[in-house]
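To keep things clear, I will list the structure first and then write my remarks on it.
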Amino acid sequence: MARAATAIITLNAIKQNYLYAKSLSKPAKAIAIIKANAYGHGAIEVAKALADVADAFGVACLEEAKELRDIGIKQPILLLEGFFSTDELEYINENNLWCVIHSQFQLEALQRTKLTKPITAWLKMDTGMHRLGFLPEKYLDAWQQLSKMSQVENIVHMSHFSSADELNSPTTKQQQALFLEAISGLPGDISLANSSAILTKAVARQQWTRPGIMLYGASPIDNETFTQTLIPAMTFITKVISQRTITEGESVGYNALWKAKKTTQVGTVSIGYADGYPRHAANGTPVYINGKKSQILGRVSMDMMMVDLSMFDKQNCIGFDVELWGDNILANNVAKCSETIAYALFCGLTRRVNKRYFDKVL
């Protein structure tokens with residue numbers, strides 16, 4: 001019997017989440033963000049599932065774009081970090097890739113390069129995130145340089161919110177005001193809204209949105225109202241492989257982080273941090289075992305962890321299914337218990353986790 005650690009990916013859930021993102025932003029178009037192997041869900045499978053509905057796809061780098069072109073994806077693909085070296089421009093030019101331009105190096109490299117046809121450039125403004133982009137006072141100059149290049153046929157204005165997941169933060173309004181002031185009078189489409197802004201900031205949606213984490217059924221906002229409108233696309237499961245009775249005062253796992261206050265049925269589950277389950281998940285982090293909610297006990301180890309089987313009395317639980325996150329245990333809740341975010345949980349799954357794909361919501 002193969003090890004049971006499995007991520008079940010429901011592709012139609014991702015499609016429905018994408019269509020929901022579009023419905024919130026009409027008449028805007030939406031770039032399906034499938035960087036980082038579609039946030040751990042499988043970029044090839046997700047791209048194929050969205051191929052009949054997606055306006056465009058977004059990835060981090062050329063290698064991720066090539067993967068999609070190699071399987072026949074025809075939509076425009078946006079390189080969210082642009083190009084890293086001049087020699088990438090030939091492939092970008094020949095394969096209808098859209099390219100973020102965020103630095104003077106990229107402007108100068110593009111100016112020096114002869115292309116067979118002009119490309120679409122997404123000119124990025126740094127409105128406060130301070131990762132990539134031209135500062136607002138430098139943006140007009142960058143736009144003027146781009147607009148004069150024969151290598152460029154279209155310029156989209158973009159920026160990225162740093163705090164759109166904080167509903168009462170003034171930062172998003174400040175960033176948007178800076179952005180709109182800097183591009184005042186300039187032609188071209190606008191792209192501002194990530195998942196958080198799509199869900200909460202109608203004024204920021206503009207012509208192009210960039211749904212990412214919401215495609216996979218997790219909300220970037222710590223509010224159940226937004227989670228309820230999304231369909232979890234990944235169910236991470238395994239099985240109970242061992243069971244024992246722990247008496248009062250005994251502990252389980254490394255460093256005795258959990259001690260029994262009474263006689264307790266404890267199960268060992270075949271999952272650990274080498275699979276991508278967070279090592280720092282606290283005692284009490286929820287799991288769902290054979291139709292009942294339970295919790296983990298003690299420290300997560302590399303290949304295993306322990307769970308509470310008390311609700312099954314003395315029933316033999318070996319072979320019972322354990323949902324780590326999915327429909328019954330939201331990834332956001334596991335992330336909160338682990339001092340991380342759902343993005344990291346999804347992206348952290350390792351290669352020894354088997355992935356199974358279904359077209360329809362089960």
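For Trp258, nonlocal amide neighbours, meaning residues 5 or more places apart or on other chains whose placed amide H falls under 5 Å from its own, are Val252, Gly298, Arg299. Calculated [222 nm] ellipticity per residue, helices only, for the chain: -7500 deg cm²/dmol; basis is -39500 (n - 2.57) per DSSP H run with n ≥ 4, divided by all residues, nearest 500. Each part reduced to its alpha carbon centroid, segment 304-326 and segment 110-170 end up 51 Å apart.
Quick one, can you get me the convex hull of the C-alpha atoms of segment 11-220 expressed as volume per residue in Å³?
Values: hull volume 23.1 nm³, N = 210.
Here the figure is 110 Å³ per residue.
Using a Gaussian network model of the chain in which every pair of alpha carbons under 10 angstrom is joined by a spring, one finds that among Lys22, Lys261, Lys293 the greatest mean-square fluctuation is at Lys261.
Amide H contacts for Gly272 (H built 1.01 Å from N in the peptide plane; partners 5 or more residues away or on another chain; cut-off under 5 Å): Tyr277. Between segment 225-299 and segment 1-31, what is the separation of their alpha carbon centroids in Å? Taking the Cα centre of segment 1-31 as reference, the centre of segment 225-299 is 27 Å away. For segment 234-312, the convex hull drawn through the C-alpha positions has a volume of 86 cubic angstrom per residue. Taking Gly42, Gly249, Gly188 as the candidate residues, the one with maximal mean-square fluctuation in a Gaussian network model of the chain, Cα springs under 10 Å, is Gly249.
Take every Cα pair under 8 Å in the chain that's 6+ residues apart, average their separations, divide by the length, and report that relative contact order as a whole percent.
Numbers: 799 pairs, mean separation 68.8, N = 362.
Normalised by residue count, the contact order of the chain is 19 percent.
In a reduced charge model with +1 at each Lys and Arg Cβ and -1 at each Asp and Glu Cβ, the chain shows a dipole moment near 700 debye about its Cα centre.
Backbone geometry of segment 206-223 corresponds, through the Karplus equation with coefficients 6.51, -1.76 and 1.60 at θ = phi - 60°, to 3J(HN,Hα) couplings of 6, 7, 10, 10, 9, x, x, 4, 5, 4, 9, x, 10, 8, x, 9, 7, 7 Hz, x marking Gly and Pro.
Would you mind counting up the charge near Ala30? Only other residues with Cβ under 11 Å from its Cβ, with Lys and Arg at +1 and Asp and Glu at -1.
It works out to a net charge of +4.
Work out the FRET efficiency for Thr229 and Ala344 from their Cβ-Cβ distance, taking R0 = 25 Å, and round it to the nearest 0.05. It comes out at approximately 0.65.
Along segment 148-165 the Karplus relation, 6.51 cos²θ - 1.76 cosθ + 1.60 evaluated at θ = phi - 60°, assigns HN-Hα couplings of 8, 7, 5, 6, 10, 9, 8, 10, 9, 8, 9, 8, 9, 6, 8, 9, 5, 7 Hz to successive residues, with x for each Gly and Pro. Listed values for segment 117-126 are Karplus-derived 3J(HN,Hα) couplings in whole Hz (6.51 cos²θ - 1.76 cosθ + 1.60, θ = phi - 60°), namely 7, x, 10, 8, 10, 9, 8, 9, 10, 8, and x replaces Gly and Pro.
No lab work stands behind these numbers, since they all come straight from the coordinates. For clarity, every value in this text was computed on a predicted model and none was experimentally measured. Neighbour counts run over all protein chains shown; Cβ positions are idealised from the backbone, glycine included.
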